[in-house]
Structure formats: structure tokens, C-alpha cells
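Have a look at the structure below, then the notes.
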């Protein structure tokens, strides 16, 4: 049996990561896993997230067991295994060596937009919550072990031209592009995490990628210093992003 193509997409919160998961799942040849390290992260940190106890109960809190599945066969013996990760879920204690067995792709977004959106659900947002510093750390590790820079995709580029960006991403992964990645049926999926009811209202109402609309101007003044900390790290990744 051939090894599946394992795609680990590392995102921060309040990005288009769930829409990207929809796009990949809708291909038909791809199995997806929604935030496999979330239960471990909540159990280990004790951080207060909506539905935290439910998430922990539904998932696996042992990162070693989770990683064993991530580098194994794809569910349903699919040829592609798409793994949607939040970069801040990969805590320092988690061994990184398994990253050499997946294709690491980084989904980035302007931190001003991330923070403005995130603060509407959890007002006490911190730099760790934004995820961009963790993205840089994971990116640099993956580059060292592979000898090549991993792929980076900016969410604005995807929303402004989904066809061009997803075609470029597929080509970079040596995969055929599928038009089915551009639209999907509205509604929830069995593959969604149990936290979907707290976070996925917009994507559940969607049938494809929404046009890009900037939200950076909605950032509260008291959160400006946080954005200033995050922006240089975002720019570092942005300058290395995939362009069609």
C-alpha cells in the first residue's frame, strides 16, 4: 500500500482554516482531521475555551498517540490526508521529529485581522493565542529538517483568487487541482470537531470561499500593542509566501 500524502496545515485562529478543510475534503480523494491536538492542548494548559471539557472528553490528550495517527494511514485509505492544525496547539514538550513525515503548509493572516476577530469571542487575547510566533518556530524547524522552505499561503491571496491560489498550492504539492475545491454544500460535517458549534457558524453557512473584506480597521485601540508584537513575524512569513 502506498503512503498517503500527508498535509499538515498550520494556522492561527480566526483564519480560513476550516474553509480550507472543506475545500480539501470536497475533493473526494482526501481524508481530513480537524485540530487533532486540541484536546491535548486544553488538557495540558487548562486554558478556558468554549466547551473545553467537551473537547477534552471527545479527543485524545496523549500527544504521542495523536502523532502516531498523524503519520499513519489516512482514514478510509484515502491517498491524501489533510490535517488542520492550530500552531499554538503544538506545545514545546511535543517532539517535532514527526514533522519530517508530513508536508507542512502554513496558512497565515494579517494579525490585526486575527486579533480583532478573536477578541470578539475571547477578549483576553494574548500573543500566544494569535499563533504567529508558533508558526515561525514550526516553519524554521521544518525548514531545517527538510533543507527547503515549507509552503506558505496567505488567506487574503486565497480569498481574492481561490482558483489561482489552490491551483498553485496543488501544483507545489505535485497534486492535480480539482474544481471541487472551490465550492461545497453548506452545513456541518461529521469530520468537524465538537467545538464546531462555538466557532463554525460562518463556514457552515458558506458554499465556498467568501470575497476578501479587510477587518484590520476594527482592531480595538488597547490591542494595538499586541498587533505590533505580532506583525514583524507575520511579515517574515508573508515575504516567503506562495504566489500564483
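Please work out how much length the chain gains when fully extended from residue 97 to residue 140, using 0.36 nm per residue of separation minus the C-alpha to C-alpha distance, in nm with one decimal.
Numbers: separation 43, 0.36 × 43 = 15.48 nm, distance 1.29 nm.
The residue 97-residue 140 span can extend by a further 14.2 nm.
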Query raised in the report: Nearest-5 percent of antiparallel DSSP beta bridges in the chain?
Result: 5 percent
Report task. Could you work out how far the C-alpha centroid of region 152-187 sits from that of region 104-118, in angstrom? Result -> 18 Å
Report summary line: Quick calc: nm separation of the 7 Å Cα→Cβ label points for residue 171 and residue 121 -> 3.4 nm
Report summary line: Taking a crude spin-label model, label points 7 Å out from Cα along the C-beta direction, the residue 45 to residue 204 distance in nm is 2.4 nm
Query - Compactness of region 50-127 - radius of gyration and Dmax, Cα, Å - result: 15.3, 42
Query raised in the report: In µm²/s, what is D for region 80-197 at 25 °C and 0.890 mPa s, where D = kT/(6 pi eta Rh) by Stokes-Einstein and Rh is the Kirkwood radius from Cα pairs?
Result: 150 µm²/s
Query raised in the report: Taking the chain as a Gaussian network, where each spring joins two C-alpha atoms under 10 Å apart, which residue of 180, 65, 156 fluctuates the most?
Result: 65
Query - Separation in nanometres of the label points that stand 7 Å from Cα toward Cβ, at residue 64 and residue 214 - result: 4.9 nm
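Quick one: plug the Kirkwood hydrodynamic radius of the chain (C-alpha pairs) into Stokes-Einstein at 20 °C, 1.002 mPa s, and report D in µm²/s.
Working: Rh = 18.2 Å.
In µm²/s, the coefficient rounds to 118.
Using Cα pairs closer than 8 Å and at least 6 residues apart in sequence, work out the relative contact order for the chain, in percent.
Details: 394 pairs, mean separation 69.1, N = 244.
RCO, the chain: 28 percent.
Every number in this text was worked out from the coordinates using simple rules, so none of it is lab data. Predicted model only: the values in this text are computed from it and were never measured. Cβ coordinates were reconstructed from backbone atoms using ideal geometry, including for glycine residues, and neighbour counts include every protein chain displayed.
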